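Computed from the coordinates by the stated procedures, all read-outs in this text should not be read as laboratory data. This is a predicted model, so every value here is computed, not measured. FYI the Cβ positions are ideal-geometry reconstructions off the backbone, even for glycines, and counts take in every protein chain you see.
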Amino acid sequence: PLGDEESQRPPAAAQVEEGAGGRWWRRLVEQHGSALVEAAGREDAGRHLDVDDLWLWLHLLFERMWEYRFLYRDLDELSSRERKLGTRMGALLRKGAATVIELCSGMVKAGTMRASAREIEALADNVLLVATYWSAYDRIRRAPQDGAPRADAGRAAYQVLALFGPYFNGDARAHLDR
């Protein structure tokens, strides 16, 4: 579990003065975005990523998103009130989709995955859609059951990883089924 939801404030590193106008949104999203890109962990020395690498990246992604969960609670409302935030988050989503496409392309080259460029683009959009709205969905889904909303990065990562399942080959698919 990633912790409780008692605090909806930005992490200390992201707290800035609101008097700075729209610039605080820009700084906040830039900090969040750079952390997500860092979590992507590029391929090392020509080694293509495998299912374990993808799972780890997703797990780290959801942990980082948890730190910025206040952005994801009602992203549509926030971005409609703060146009600059919407613009920055849109850019972050496009960067995320490009990262997923890059990861998938590497797995296709390595033989871990079989998918066309069009399928990879659709997969990237679906990955970002599920990842972006997972925390809100999961909180609502669990609320009546246990009364103490807590996020589970492992479950979130698996939900997104399952989107890759139909495209995985051999050992990668078997690994996902475990």
- prompt: What list of ³J(HN,Hα) couplings, whole Hz, do you get for the range 168-175 from phi and the Karplus terms 6.51, -1.76, 1.60, once you set θ to phi - 60° and write x for glycine and proline?
  reply: 6, 9, x, 4, 5, 5, 4, 5
message: Given points 7 Å out from each Cα along the Cα-Cβ axis, report the D152 to R64 separation in nanometres with one decimal.
response: 2.4
- prompt: What is the gain in length, in nm to one decimal, between D171 and D74 on full extension, counting 0.36 nm per residue of separation less the C-alpha to C-alpha distance?
  reply: 31.1 nm
